[in-house]
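What follows is one structure encoded as structure tokens, with my remarks underneath.
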Amino acid sequence: MSSKTRIDWALLLLRLAVGGLAAVQAFAVLRGAHGAITFSHAAGWGLALGELICGGMILLGLWVPLAGGILAAILGWPLVHGWLHGSGLLSNLGGLFRLLAGLACALGGGGKWALER
């Protein structure tokens, strides 16, 4: 197997993992949305909707660098906010992993099997 083929497979698997995880996580948040509409709830739902849309775009391979960058910003903001308020650098390992995987997806692009090709 050539290195180009391995890279194409790696990008496909990365897209499936990052996009699928983002879409499933955001869908769970939106499905459980209830209660009075406050600014805090609306902001959380808006971020979840953005995560769902970006995750779906990454999953399908549409505008992957843009969608991955937006997803990294959405996933990175809670980490940066925590760091600014005194949390340790490694206090949220799951969030840090999702941020780095989203950045890797944005940098890697859609690959050979993306719909945008």
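Being in contact (Cβ under 8 Å) with a residue 12 or more places away in the chain and in contact with a helix residue (DSSP H, G or I) (Cβ under 6 Å, 6 or more places away or on another chain) is a property that Ala17 lacks. Could we say that Gly82 is closer than 16 Å to Gly19 by Cβ and not hydrophobic (A, V, I, L, M, F, W, C) here? Considered against the rule, which asks whether it is closer than 16 Å to Gly19 by Cβ and not hydrophobic (A, V, I, L, M, F, W, C), Gly82 comes out as no. May I ask you to verify whether Val64 is in contact (Cβ under 8 Å) with a residue 12 or more places away in the chain and either touching a Pro at 6+ places or on another chain (Cβ under 7 Å) or over 13 Å from Cys105 (Cα atoms) (or both)? When the stated conditions are applied, Val64 does not pass them. Taking segment 10-46, which residues are open to solvent by 90 Å² or more (accessible area, probe 1.4 Å) and within 19 Å of the chain's Cα centre (by Cα)? Within segment 10-46, Leu13, Val24, Phe27, Arg31 qualify. For segment 79-100, a residue qualifies if it is open to solvent by less than 100 Å² (accessible area, probe 1.4 Å) and over 13 Å from the mean Cα position of the chain (by Cα), and the qualifying residues are Leu79, Val80, His81, Gly82, Trp83, Gly86, Ser87, Gly88, Ser91, Asn92.
Within segment 61-71, not a single residue is touching a Gly at 6+ places or on another chain (Cβ under 9 Å), of a type outside the set (S, T, N, Q), at pLDDT below 95 and open to solvent by less than 70 Å² (accessible area, probe 1.4 Å).
Just checking, which of Leu75, Leu49, Leu115, Leu103 is in contact (Cβ under 8 Å) with a residue 24 or more places away in the chain, in a helix (DSSP H, G or I) and open to solvent by 50 Å² or more (accessible area, probe 1.4 Å)? Before you say what the answer is, go through the steps one by one.
Working: Leu75 fails: open to solvent by 50 Å² or more (accessible area, probe 1.4 Å); Leu49 fails: in contact (Cβ under 8 Å) with a residue 24 or more places away in the chain; Leu115 fails: in a helix (DSSP H, G or I).
The conditions single out Leu103.
The values are calculated or read from the model by the stated rules, or taken from the named source; none is laboratory data. Because the structure is a prediction, the values reported are computed rather than measured. Heads up, the Cβs are rebuilt from the backbone with ideal geometry, glycines too, and the neighbour counts pull from every protein chain shown. The protein model used for the area step is the full one, side chains on, heavy atoms only, and it has no ligands, DNA or RNA in it. Shrake-Rupley method; radii C 1.70, N 1.55, O 1.52, S 1.80 Å.
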